[in-house]
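Here the structure comes first, spelled out in structure tokens, and everything after it is commentary.
The values are calculated or read from the model by the stated rules, or taken from the named source; none is laboratory data. Just so you know, these numbers come straight off a predicted model, no measurement behind them. Positions of Cβ are backbone-derived with ideal geometry, glycine not excepted, and every protein chain shown enters the neighbour counts. Note: areas computed on protein heavy atoms with side chains; ligands, DNA, RNA excluded. Shrake-Rupley method; radii C 1.70, N 1.55, O 1.52, S 1.80 Å.
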Amino acid sequence: MNVYDSELIAVQMAAAGYQQTSSLEKADLVILNTCTIRAKAEQKAFSFLGRLARMKKKKPGLIVGIGGCVAQQEGAKILKRVPHLDLVFGTQAIDRLPALIGKIEAKRCRIVDVAMSENPELFDPAPVQQNQRPISRFVTIMRGCDNFCTYCVVPYVRGRESSRHPDNIIREIKTFVDSGVKEITLLGQNVNSYGKKEGLLSFTELLARVQRIEGLLRIRFTTSHPKDFDQELINAFQSNDKLCNHIHLPVQSGSNRLLKRMNRKYTKELYLDKVAKLRDTCPEIAITSDMIVGFPGESDADFDETLDLMRKVEFDGLFAFMYSDRPNAPATRFKAKISETQKSERLQILLALQETYTKKKNEALIGSVQPIIAEGFSKKQSSGSLNESNQAAQWTGRTSTNKIVNFYQDDIPGNCGDIFAGKIVHVKIDKAYAHSLWGKPVAIESTAEDLKGEKSYAA
Ligand code: SAM
Ligand code: SF4
């Protein structure tokens, strides 16, 4: 969501006459978009702001702004704490940013704008910037959250849940697709409740409309809340041929006692039942999740329940976090806090267990041929230059199940034609690593057919 919001910020400031630079030293305006989901994210934001003090001394005309969730949470307090800061703007002030910066330029004043509007349409769809031609983009379909999980700060810093109008979402995706985007990820804190409050389309109806967009090859979404995850969405994985074979379904804990204290509104049994139904319909679906260790009061028995759930589900991947007290979140006031040492120990146990499943799932793909969309050169190699082993450029892409696949350009059979970002490449998987797969391309196609991972075939 922050990536998407940063893109909106960049688009807004471009319209106001600013250009992006990759050099901090060259910048006349620095805007820090922040996250406050855990204390560590917030600390990082403040340490970065601290670094900017020296820059501002050297360049007094520099304008420094902070936006996002830390800004929303702390408001005017940040101006006191950071004397070289010019602007604090909240999560719903992005559309006012050019006016706020204009005022600072003209009057050299300091401003705080953390007003909440609850309008999910910040402004017109973000045009794709010409210098960046990604094939995959995020699209926010709803903002805020009404679920109030007791550990979570989101409802307090992002406001109440509100959904964008489907026409605006479709228009935005079409704009992206016209500029070469092949895959979009729809974003919301709980996509299952999309449009319900406003009486708009249901989420699966929205997915069906997105599916009809010509030129778009793949659809992903995040996040579905297990309490609302239902058969209608399970069916969409079968009926919507652009919907990828992956779901992120955060469970947070395997202990019913803790799930209740977290206000998650489902039990371990209900979660397992939904996973079973999902796998019944889509046996090859990849399931990933979020887990919190060390929630206040978490006993050894609670933690064992979490490990037991992991053994039963065998997730494809897991984001695991040590519980962190957040301002306003009720769990901050809960007793029986777990020590940092114990949290860390539990995290290591959990990650070690997950590693076995991630490895197992990745190894199961060895020998199969996976259709991926070539996204560009892999991280290690951002240009087409030769790499260490003197092979040609190393490409990267993802399977429908969201697993990273890398391969050498030189391995593409001669009669396959040219490769460029956005092409569908069929890659035979040779090796499985902890976080990626390695393979040999066997064919390149340019149509959307056979994109779903479950149609992979043995070679
Ligand atoms: N809306 C999503 C859901 O309901 O699962 C989650 C969104 S939250 C931005 C991302 C993840 O951060 C959560 O799933 C949770 O695991 C983690 N998280 C949130 N608050 C946390 C806290 N106070 N301490 C540790 N992890 C936290
Ligand atoms: Fe936070 Fe819960 Fe909302 Fe997710 S559903 S954003 S965890 S309050």
Task: Residue pairs meeting the criteria (Cβ under 8 Å; at least 6 apart or on separate chains; first at positive phi and within 16 Å of ligand 2 (Cβ to nearest atom), in segment 155-177; second hydrophobic (A, V, I, L, M, F, W, C) and modelled with pLDDT of 95 or more) - done: none
Open item on the list: of a type in the set (S, T, Y), more than 16 Å from ligand 1 (Cβ to nearest atom), assigned to a helix (DSSP H, G or I) and under 24 Å from D273 (Cα atoms): which single residue out of T204, T175 fits that description?
Closed with: T204
- [ ] Please state which one of E355, E363, E314 is more than 22 Å from the chain's Cα centre (by Cα) and surrounded by fewer than 16 Cβ atoms within 10 Å (Cβ to Cβ).
- [x] E363
Open item on the list: If a residue must be in contact with a strand residue (DSSP E or B) (Cβ under 9 Å, 6 or more places away or on another chain), within 16 Å of ligand 2 (Cβ to nearest atom) and not basic (K, R), how many such residues does segment 190-211 contain?
Closed with: 5
Open item on the list: Considering only residues that are at pLDDT 95 or above and either charged (D, E, K, R) or assigned to a loop (DSSP other than H, G, I, E, B) (or both), which ones fall in segment 360-391?
Closed with: K360, K361, E363, A364, L365, I366, G367
TODO: Would you check if Q73 is of a type in the set (S, T, N, Q), out of contact with any Cys (no Cβ under 9 Å at 6 or more places or on another chain) and buried (at least 19 other Cβ atoms within 10 Å of the Cβ)?
DONE: yes
TODO: Would you be able to say whether some residue in segment 228-241 is part of a loop (DSSP other than H, G, I, E, B), within 16 Å of ligand 2 (Cβ to nearest atom) and surrounded by 19 or more Cβ atoms within 10 Å (Cβ to Cβ)?
DONE: yes
TODO: Go through segment 425-453 and count every residue that is open to solvent by less than 30 Å² (accessible area, probe 1.4 Å), at pLDDT below 90 and in contact with a Lys or Arg (Cβ under 8 Å, 6 or more places away or on another chain).
DONE: 1
- [ ] Scan segment 56-70 for residues that are more than 18 Å from V112 (Cα to Cα) and either surrounded by 16 or more Cβ atoms within 10 Å (Cβ to Cβ) or in contact with a strand residue (DSSP E or B) (Cβ under 8 Å, 6 or more places away or on another chain) (or both) and jot them down.
- [x] K56
TODO: Would you check if there is a residue in segment 43-50 being in contact with a strand residue (DSSP E or B) (Cβ under 6 Å, 6 or more places away or on another chain), of a type outside the set (K, R) and surrounded by 15 or more Cβ atoms within 10 Å (Cβ to Cβ)?
DONE: yes
Open item on the list: With the condition being at pLDDT 95 or above and within 13 Å of ligand 1 (Cβ to nearest atom), I'd like the helices (runs of 4 or more DSSP H) fully within segment 247-359 carrying at least 2 qualifying residues.
Closed with: 256-261
Open item on the list: I need every pair where a residue in segment 80-105 that is within 26 Å of R54 (Cβ to Cβ) has its Cβ under 7 Å from the Cβ of a residue that is open to solvent by less than 10 Å² (accessible area, probe 1.4 Å) and aromatic (F, W, Y), sequence separation at least 6 or different chains.
Closed with: L97/F89; L100/F89
Task: Any chance S456 is farther than 29 Å from H248 by Cβ, open to solvent by less than 70 Å² (accessible area, probe 1.4 Å) and at pLDDT below 80 - done: no
Open item on the list: Kindly evaluate Y151 against the criterion of being in contact (Cβ under 8 Å) with a residue 12 or more places away in the chain, crowded, with 23+ Cβ neighbours inside 10 Å and within 13 Å of ligand 2 (Cβ to nearest atom).
Closed with: yes
Task: Residues (assigned to a loop (DSSP other than H, G, I, E, B) and either touching a Ser or Thr at 6+ places or on another chain (Cβ under 8 Å) or within 16 Å of ligand 1 (Cβ to nearest atom) (or both)) located in segment 178-196 - done: V181, K182, G188, Q189, N190, Y194, G195, K196
- [ ] Could you give me the residue pairs with C-beta distances under 9 Å whose first residue belongs to segment 406-429 and is closer than 22 Å to L216 by Cα, whose second residue is of a type in the set (S, T, Y) and part of a loop (DSSP other than H, G, I, E, B) wherever it lies, and which are 6+ apart or on separate chains?
- [x] G417/S446; G422/S446; K423/S446; I424/S446; I424/T447; H426/S456; V427/T399
TODO: Please tell me if P250 is touching a residue at least 24 places away in the same chain (Cβ under 8 Å), surrounded by fewer than 16 Cβ atoms within 10 Å (Cβ to Cβ) and closer than 26 Å to E232 by Cβ.
DONE: no
